[in-house]
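Below is one structure; the comments refer to it alone.
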Amino acid sequence: MAGDGMRGVLPRRVLPALPLMLAGLVSGCGGSGRPAGISGVPGYSGDELLSCVAYARQRTGHSLRGDAWQWWEAAAGRYQRTRRPAPGHVLVFARSRRLPQGHVAVVRRVIHAREIRVDHANWATAGTAARGRIAEDQPVLDVSPRNDWTEVRVWYPPIRDFGTTVFATHGFIGPPIVMAAR
């Protein structure tokens, strides 16, 4: 029986995931400088499909409109804008070829000066089952030369490691600016 060489060796439910598992093994050579599979990092969750903008708006209550990359300018004069992350802030990714609408993610916690954990939606490749899903407590590394969070690498659950792409960011949007009463 030609072509039956793997039958019986791997459970049938493992075969569809095999290409992804192999990609994860190969991706370890990508050079994150950290061991693949940081413990305690969950993957995608939820059944509701959301854009990153809808998710960030829902989580923070920010009343900003437009594509994700437009949030930075839209926040001017309305919300605090900073280069320092804090829980509840929104990290705004710049528009690029890989992210034509940009991206936004909500800071869950600060691990140290160059690593944060974010919650975000729709951080998955188009056409995959994870597209539109929520990813919580995902690591993001600051790889900018001046430690100002203008360039980051983002955890990618399917490979259980940081991707090799460096993404440009505008900074963090914090709480609304409170105007002093006159």
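The values are calculated or read from the model by the stated rules, or taken from the named source; none is laboratory data. Just so it is clear, the model here is predicted, and its values are computed rather than measured. When we count neighbours, we look across all protein chains shown, and the Cβ atoms used for this are built from the backbone with ideal geometry, even at glycine.
General remarks:
- Look at region 154-167: where a residue is touching a residue at least 60 places away in the same chain (Cβ under 8 Å) and a partner is surrounded by fewer than 21 Cβ atoms within 10 Å (Cβ to Cβ) and among the hydrophobic types (A, V, I, L, M, F, W, C), sitting 6+ places away or on another chain with Cβ atoms under 6 Å, you get PRO158/LEU20; ARG160/ALA36; ASP161/ALA36.
- Within region 74-102, being polar (S, T, N, Q), outside any loop (DSSP other than H, G, I, E, B) and surrounded by 14 or more Cβ atoms within 10 Å (Cβ to Cβ) holds for one residue alone: GLN80.
- Hits in region 161-172 - residues which are in contact with a helix residue (DSSP H, G or I) (Cβ under 6 Å, 6 or more places away or on another chain) and not in a strand (DSSP E or B): THR164
- The number of residues in region 54-73 being among the small types (Gly, Ala, Ser), surrounded by fewer than 17 Cβ atoms within 10 Å (Cβ to Cβ) and out of contact with any helix residue (DSSP H, G or I) (no Cβ under 7 Å at 6 or more places or on another chain) comes to 3.
- Scanning region 48-73 for residues that are of a type outside the set (Lys, Arg), in contact (Cβ under 8 Å) with a residue 40 or more places away in the chain and either in a strand (DSSP E or B) or over 13 Å from GLY171 (Cα atoms) (or both) yields GLU48, LEU49, LEU50, SER51, CYS52, VAL53, ALA54, TYR55, ALA56, THR60, HIS62, LEU64.
- In region 139-157, the count of residues that are small (Gly, Ala, Ser), modelled with pLDDT of 90 or more and in a strand (DSSP E or B) is zero.
- In region 111-123, residue surrounded by the most Cβ atoms within 10 Å (Cβ to Cβ) [restricted to those that are assigned to a strand (DSSP E or B) and of a type in the set (A, V, I, L, M)]: ALA121
- Looking across region 158-182, not a single residue is modelled with pLDDT of 95 or more and either over 24 Å from GLN70 (Cα atoms) or charged (D, E, K, R) (or both).
- So ARG108, is it under 18 Å from ARG57 (Cα atoms), modelled with pLDDT of 85 or more, surrounded by 14 or more Cβ atoms within 10 Å (Cβ to Cβ) and of a type in the set (Lys, Arg): yes
- Residue list for region 145-182, filter: surrounded by fewer than 12 Cβ atoms within 10 Å (Cβ to Cβ) and closer than 24 Å to ALA113 by Cβ: PRO145, ARG146, ASN147
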